[in-house]
Amino acid sequence: DTVGVCALGADGHLAVGTSTSGLAFKIPGRVGDSPLVGSGLYVENAVGAACCLGVGEQMIQVGMAGRVVAAMARGLSPSDATFAAMA
């Protein structure tokens with residue numbers, strides 16, 4: 001299954017990484033959300049970072065991680081930004 005992590009380095013820089021379930025559940029021809037910046041993961045050092053778990057096609061359709069970080073840029077907390085992006 002998908003694993004994601006957001007990290008803050010000692011130097012103050014943010015990083016985000018994600019992996020996916022791999023070949024076992026891959027639909028032929030599918031590119032997952034993990035390698036698509038803004039879908040499965042997104043980071044803006046001055047704002048925050050987000051990574052997504054769940055059905056990758058849904059994350060791709062709306063650019064979920066990018067939406068969460070954009071909502072944080074508008075001043076929402078990470079939790080509120082997540083709920084706003086899901087709405």
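The table below gives the values:
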item	result
From phi via Karplus (6.51, -1.76, 1.60), per-residue ³J(HN,Hα) for segment 27-40 in Hz, x at Gly/Pro	7, x, x, 7, 9, x, 6, 4, x, 9, 4, x, 8, x
Accessible-area composition of the chain, carbon plus sulfur, in percent [1.4 Å probe]	61 percent
Theoretical FRET efficiency, 1/(1+(r/R0)^6), r = Cβ-Cβ of residue 31 and residue 7, R0 25 Å, to 0.05	0.50
Relative contact order (%) - criterion: Cα under 8 Å, at least six apart; region: the chain	24 percent
Tilt relative to the chain, helix 64-73 - C-alpha long axis, 0 to 90 degrees, to 10	0 degrees
Estimated D of the chain in µm² per second, where Rh is the Kirkwood radius over Cα pairs and Stokes-Einstein applies at 10 °C, 1.306 mPa s	121 µm²/s
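The values are calculated or read from the model by the stated rules, or taken from the named source; none is laboratory data. As the structure is a prediction and not an experimental result, all values here were calculated from the model. Every residue, glycine as well, gets a Cβ built from its backbone with ideal geometry; the counts of neighbours run over all protein chains shown. The accessibility values were calculated without ligands, DNA or RNA, using every heavy atom of the protein model including side chains. Shrake-Rupley method; radii C 1.70, N 1.55, O 1.52, S 1.80 Å.
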